[in-house]
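Structure record follows, encoded as structure tokens.
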Amino acid sequence: MVNFFEKATDYTRNAISAGKYLLQGLAVTFDHMRRRPITVQYPYEKLIPSERYRGRIHYEFDKCIACEVCVRVCPINLPVVDWVMNKETKKKELRNYSIDFGVCIFCGNCVEYCPTNCLSMTEEYELAAFDRHSLNFDNVALGRLPTNVTTDPSVIALKELPYLPEGVMDPHELEEGSKRAGKLPSEVLTNKKDKAPIGEQKK
Amino acid sequence: MITTLNIVFVAVVNTGLDLEISFNHFLEGIGLPSSIAHLLWLPLPMLLVLSAALIGVLVTVWLERKISAAAQQRIGPEYAGALGILQPMADGLKLLVKEDIIPQKADSLLFTLGPVLVLIPVILSWLIVPFGQNLLISNVGIGIFLWIALSSIQPIGLLMSGYASNNKYSLLGGLRAAAQSISYEIPLALAVLAVVMMSNSLSTIDIVNQQNTAGFLSWNIFRQPIGFLIFWICALAECERLPFDLPEAEEELVAGYQTEYAGMKFALFYLGSYINLVLSSLLVSVLYLGGWGFPIPIELIANILGQSANDPIIQIITGSIGIMMTVFKTYLLVFLAILLRWTTPRVRIDQLLDLGWKFLLPISLVNLLFTAALKLAFPVAFGG
């Protein structure tokens, strides 16, 4: 009989605690309802890509020396460097350059190793196309600069989470001129100069 | 116009606003025989309740999407109408014009009959939902029992469509739906029985009237708190809503018994599940939250304001407040169901059956016995 009552009290206690946890969960869900949506309304709002964003590759035809380093460092030898040897001047003459962004993995090796810095990463990521062959960019397409999110009048540019002021989680309705948490690299440098100029430190 | 109003006012009798009598009086005043007047009256409340159910579903779908979005810090539908209010209409229209596919190896007769058999009992159950003293299609004597009886037709339809689809997911979903409905119907019926015992009647009208003697203090939720919880859990299980949505658990069963359905047949399932949700919320508010009753008795307010409760205008106001109160309570419960959807994880099938048979059934039996004892001990408070 005592055993039965123990069981019954255990049972009730379990049921009550389950109910309590359920109410706790409901309170959490309810609390979320008054928070502002954190979604970015994509075609109308866009996040500003970070400084080191690895988007579509930009290429400057005139700087290129057709050394093919980009091809060698590419994991799949993707860039097509079409050049001919001019026997009179004994120099390479570049005729065409292309990268297929349907295949590119945006690792950035080519950009890293390019000796003349004719390759660079842009912040363009909207590469959707109806035909995958149209993603094969030639030197003209590669030379185009993307529209900047911050200068596009039809887009509201939003800052990414690490670029928001301390404690702010929501990029909407930021105050004008609000700065990210922490110091910019340039500020860190000037601070160091104030304390002990780098030149003097060495002495 | 004035004569019409007069007829309406004359027809308002002591029991409250009765539109049927006033309508018949009006038609007889024009010169029609009473039988034809009755015939003309019959389709009106049916159409009204049907359209009310459909509009209720549209609102519920919109609410579901908006509240879900808010709970997940999203915006939800926004561009179809103001605040996306037309989104359910757009969804419905899309389903209406979609191709109707019957799988080649499916049993086409049962496949077509399934969704119909799911939807019809749900719509039929609206027969007994009262929005006011005389504002229901039919005050049948067996009232709430009719709903319990009708709701046990539904699993047959679900099993039928699951079996006829000739698909393993559908079959599993259908079997789960049947198992779930059967095991949750019993505690549901026992919870209802406790309420019925207190009001000495199966009629929904009597159940509500019995609760509205002293405003919100006499609502059944205070006399039957455990019964209320049991009923709500079982109602969620009957509607196949989370945490009891195993029959259509999309992560494991694709869409359960709905897997092979498209177009209008899928729309029937969709409609059925939402009408069922609204209906269950309505019945919870009828059985436990005082139905159309205002938290403070309207007669009391009318007396304080020096108005007679039998005054035609007061009766019309009372009627509209009653409808508003019913709808308000219902949507409060719908809101709770949606909130629960995003709070609770889905239970496993063995946990579901454990909860039904080993927890809810004994508790509801104890609740029933306890109510009977209280009714004998305190006949004043527990409807002697």
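Values quoted throughout were computed directly from the atomic coordinates according to the rules given, and no laboratory measurement underlies them. This one's a predicted model, so the numbers in the text were calculated from it and none came from an experiment. Every residue, glycine among them, receives a Cβ derived from its backbone with ideal geometry; neighbour counts consider all protein chains shown.
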Segment B:140-291 - Rg and Dmax from Cα coordinates, angstrom: 16.9, 55
Can you give the mean number of other chain Cβ atoms that lie within 10 Å of the Cβ atoms in peptide A:28-36? 5
Rg ratio (alpha-carbon, reference 2.2 N^0.38 Å) - the protein assembly as shown: 1.38
Under a GNM of chain A (C-alpha, springs under 10 Å), which listed residue has the highest mean-square fluctuation: A:LYS91, A:LYS192, A:LYS179? A:LYS192
So for segment B:74-174, considering every pair of alpha-carbon atoms, how many percent are separated by more than 18 Å? 66
Using a Gaussian network model of chain B with C-alpha springs under 10 Å, which one of B:VAL192, B:VAL122, B:VAL59 is most mobile by mean-square fluctuation? B:VAL59
With angles folded into 0 to 90 degrees, how steeply does helix A:185-195 sit against the dominant principal axis of chain A? Use alpha carbons for both and round to 10. 90
Furthest towards positive pole of dipole, B:SER364, B:LEU352, B:LEU339, structure part segment B:327-381, Cβ charges: B:LEU339
Over chain B, the sum of -39500 (n - 2.57) across DSSP H runs of at least four, divided by residue number and rounded to 500 deg cm²/dmol, gives at 222 nm -21500 deg cm²/dmol
Placing +1 on each Lys and Arg Cβ and -1 on each Asp and Glu Cβ in segment B:50-120, then taking the dipole about the Cα centre, the residue among B:LEU109, B:LEU50, B:LEU83 whose Cα reaches farthest towards the positive end is B:LEU83
Let me check the size of segment A:134-173 from its C-alpha atoms; what are the radius of gyration and Dmax in Å? 15.8, 45
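Starting from the Cα-Cα distance between A:ILE76 and A:ALA181, subtract it from 0.36 nm times their residue separation and give me the gain in nm to one decimal.
Details: separation 105, 0.36 × 105 = 37.80 nm, distance 3.96 nm.
That works out to 33.8 nm of additional length.
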Which value in deg cm²/dmol, rounded to the nearest 500, describes the helix-derived mean residue ellipticity at 222 nm for chain A, given -39,500 (n - 2.57) per DSSP H run of n ≥ 4 and division by the residue count? -9000 deg cm²/dmol
Rank these for me by crowding, B:ASP245, A:ASP131, A:ASP82, going from fewest to most other beta carbons within 10 Å. A:ASP131, A:ASP82, B:ASP245
Gain in length, B:ILE55 to B:ASP350, computed as 0.36 nm per residue apart minus the alpha-carbon separation, to one decimal in nm? 102.5 nm
What's the center-to-center distance, using Cα atoms, between segment B:328-384 and segment A:17-40 in Å? 23
Loop only per DSSP, at most 13 neighbouring Cβ atoms within 10 Å: give me the GluC sites (Glu not before Pro) in segment A:146-191, ordered by residue number. A:GLU166, A:GLU173, A:GLU175, A:GLU176
Hey, got a sec? Which GluC sites (Glu not before Pro) in segment A:1-74 land in a DSSP loop and have at most 16 other Cβ atoms within 10 Å? A:GLU51, A:GLU60, A:GLU68
Tilt, helix A:2-33 to longest principal axis of chain A (alpha-carbon atoms), in degrees rounded to tens, equals 40
Ordered by fewest other Cβ atoms within 10 Å, a rough proxy for footprinting exposure, A:TYR59, B:TYR79, A:TYR113 read B:TYR79, A:TYR113, A:TYR59
Mean shadow of chain B, computed from the convex hull of its alpha carbons, in nm²? 21.9
Computed E for B:GLU299/A:LEU161 - FRET, C-beta separation, R0 56 angstrom, nearest 0.05: 0.45
Given the C-alpha atoms of segment B:226-315, compute the convex hull and give its volume per residue in Å³. 131
As an exercise, use a Förster radius of 56 Å and the Cβ-Cβ distance of B:ILE85 and A:VAL84 to find the FRET efficiency, rounded to the nearest 0.05. 0.30
Going down the list A:LYS20/B:LYS329; B:LYS265/B:LYS358; A:LYS183/B:LYS66; B:LYS265/B:LYS329; A:LYS20/B:LYS265, which pairs span over 29 Å between their C-alpha atoms? B:LYS265/B:LYS358; A:LYS183/B:LYS66; B:LYS265/B:LYS329; A:LYS20/B:LYS265
Along the Cα→Cβ direction, 7 angstrom out, place labels at B:SER34 and B:VAL140. What is the inter-label distance in nm? 2.5
Within a 10 angstrom radius of the beta carbon, how do B:ARG74, B:ARG348 rank from fewest other beta carbons to most? B:ARG348, B:ARG74
Using only the Cα atoms of segment A:58-149, what do you get for the radius of gyration and for Dmax, in Å? 13.6, 47
Helix B:43-71 vs. chain B, principal-axis angle (Cα, 0 to 90°, nearest 10): 60
Loop-resident sites, segment B:52-115, for GluC sites (Glu not before Pro), counting at most 16 other Cβ within 10 Å (DSSP): B:GLU78, B:GLU99
